[in-house]
Amino acid sequence: MSNTPETSLPDYLREDILLHPENRKFPPFDLVRLLGTVFAPTQGCRVCILLDFEEPAQLIQDFAFLQHEGFPVQKNAHRHFYLGLHHGAMAALGMGLFLSTISKTMQEAFMSNFLIFMPMILLSGFMFPVSSMPRAFQWITLLNPVRHYLVVVRGIFLKGAGIGVLWPELIALFVMGIAIQAFAATRFHKTAG
């Protein structure tokens, strides 16, 4: 048991309820209780709210919330998510440029897209956890920019992680983006010239 007295825990976290959920009794819906649970969570519970603006139209437009005081969760998500998005987009654009240099027709590019991107998505950890893949595939996924991008997205939105935790993934995305774009650009110059 924890050091926290059991009386401080809400009813839904009591040990007998957690061990025997069939004994749970649901109270009637109450918006005040719901908002109290979301905006004042019990100690030890984390809730991530990305949009709790009073005037969302004004604060979201042109990222105006970045100029205002407060909104630490949204600012953290913006700062780290867009950095990861930028590096992930660099890698994706480089791969698109590379595919265009090896394809003679649009149909061939479309089919090459399936040949390259479907395995990348399957090996990214999006559909199947990387930890449950065979060891050889786990090593191969380290070369997959989609895997690193998903780690960044999950870290920011599910765990509230910052650059201190996500820097290896961001550096991997940046290096892959530069390498893929450089390779695609040199290939493009060879085919164009």
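Output the peptides 93-100, 181-188, 108-115 sorted from most to least packed, where packing is the average of other Cβ atoms within 10 Å over each peptide's residues.
Sorting 93-100, 181-188, 108-115 by mean packing, highest first, produces 93-100, 181-188, 108-115.
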Legend entry - Size-normalised alpha-carbon gyration radius of region 71-192, reference 2.2 N^0.38 Å: 1.16
Inset, instruction - Quote the Stokes-Einstein diffusion coefficient, in whole µm² s⁻¹, for region 100-149, based on the Kirkwood radius over alpha carbon pairs, a temperature of 37 °C and a viscosity of 0.692 mPa s. - result: 278
Legend entry - ³J(HN,Hα), Karplus 6.51/-1.76/1.60, whole Hz, each residue of region 102-119, x for Gly, Pro: 9, 9, 8, 10, 5, 5, 5, 5, 5, 5, 5, 4, 5, 4, 8, 7, 5, x
Legend entry - Peptides ranked, highest mean first, by Cβ atoms within 10 Å: ranges 137-146, 170-179, 157-166: 170-179, 137-146, 157-166
Inset, instruction - For region 141-146, just list the computed ³J(HN,Hα) in residue order, Karplus coefficients 6.51, -1.76 and 1.60, θ = phi - 60°, integers in Hz, with x standing in for Gly and Pro. - result: 5, 5, 8, 9, x, 5
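Values in this text are rule-based calculations from the coordinates and carry no lab data. Bear in mind that the values here come from a model prediction, so they are computed numbers and not experimental data. Please note: Cβ atoms are built from the backbone with ideal geometry, for glycine as well, and neighbour counts cover all protein chains shown.
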